[in-house]
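Working notes, structure below.
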Amino acid sequence: MQGVTVVDHPLVQHKLTLMRDKTRSTKGFRQLLNEIGMLLAYEVTRDLPLEMTDIETPMAPMKAPVLAGKKLVFAPILRAGVGFLDGMLSLVPSARVAHVGLYRDPKTLVAVEYYFKAPEDLADRVVLVLDPMLATANSAIAAVDRLKEAGAKSIRFVCLLAAPEGIEKFRGHHPEVHVWTAAIDERLNEHGYIIPGLGDAGDRMFGTK
Ligand code: PRP
Ligand code: URA
């Protein structure tokens, strides 16, 4: 599918299956999301530009590659997006963090903003929007709208599961924002939940239901 990368790494697929299992504990679910976050961060950052810098090893001077430009921004969509954050920060510890607080109205499925705080210089940084679930895409579209309004120009979207309907809608609104996901499931049900999916990611992660 154009504009979408499915991360089919065996470790990601194995861990995702463990997460889907309805008997998985809150602790196990949270730990797996963290671990998959680390693996997804590795894939999503694969093409970041490098520049050469002068260093001296104990043996000789050399030119060696380092990441070019300003530090990355991780932008988790609250709450469930936070589940990716520790894993990603363990791989990119100096990244900045933008918090995007949105909840999906259970009746209308419209995304409602309740918090937003981001670094001021978003325009100069690559922004990775994080949310385990891309269902109707209302939350993802609203988050990217808000980040663009705050200045972001280079945006990538990272999720765990996506519905085909959500991908199509998201691509329609933000065609230049590439999506990375561990799987594309069958469909949405009448309540906007991904089938087979894994249920409500936020509730499973924080043990609120
Ligand atoms: C869930 C999920 C996404 C959103 C996806 O969040 O974490 O943000 O739904 O659905 P959509 O693509 O149809 O917008 P929710 O609103 O339940 O909030 P929570 O993370 O605080 O539980
Ligand atoms: N949000 C979730 O947490 N799960 C879904 O399946 C859809 C939206």
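Bear in mind that the values in this text are calculations on the coordinates, not laboratory data. Source: prediction; values computed, not measured. Cβ atoms come from the backbone with ideal geometry, glycine included; neighbour counts cover every protein chain shown.
Here are some conditions: (1) closer than 23 Å to Ile167 by Cβ; (2) surrounded by fewer than 17 Cβ atoms within 10 Å (Cβ to Cβ); (3) not small (Gly, Ala, Ser). Met62 meets all but one. Which one does it not meet?
(1)
If we keep just the residues of the stretch 186-196 that are near ligand 2 (Cβ under 10 Å from one of its atoms) and surrounded by fewer than 20 Cβ atoms within 10 Å (Cβ to Cβ), which is nearest to Glu165 (Cα to Cα)? Before the answer, list the steps.
Filtering the stretch 186-196 for residues near ligand 2 (Cβ under 10 Å from one of its atoms) gives 188-189, 191-196.
Still in the running and surrounded by fewer than 20 Cβ atoms within 10 Å (Cβ to Cβ): 188-189, 191-193, 195-196.
Details: Leu188: 7, Asn189: 11, His191: 13, Gly192: 10, Tyr193: 11, Ile195: 12, Pro196: 14 Å.
Selected residue: Leu188.
Identify all residues within the stretch 132-179 that are of a type in the set (D, E, K, R) and more than 9 Å from ligand 1 (Cβ to nearest atom); write none if there are none.
Listed by number, the residues that qualify are Asp145, Arg146, Lys148, Glu149, Lys153, Arg156, Glu165, Glu168, Arg171, Glu176.
Can you pull out every residue in the stretch 98-130 that is crowded, with 23+ Cβ neighbours inside 10 Å and touching a residue at least 60 places away in the same chain (Cβ under 8 Å)?
Leu128, Leu130
Please list, ordered by first then second residue, the pairs with beta carbon atoms under 8 Å, 6 or more apart or interchain, first in the stretch 132-144 and near ligand 2 (Cβ under 8 Å from one of its atoms), second aromatic (Phe, Trp, Tyr).
Pro132/Phe84; Ala135/Tyr193
Residue-by-condition table, conditions (1) touching a Lys or Arg at 6+ places or on another chain (Cβ under 8 Å); (2) farther than 23 Å from Lys117 by Cβ:
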{"site": "Met52", "(1), (2)": "yes, yes"}
{"site": "Met59", "(1), (2)": "no, yes"}
{"site": "Leu72", "(1), (2)": "yes, no"}
{"site": "Gly87", "(1), (2)": "no, no"}
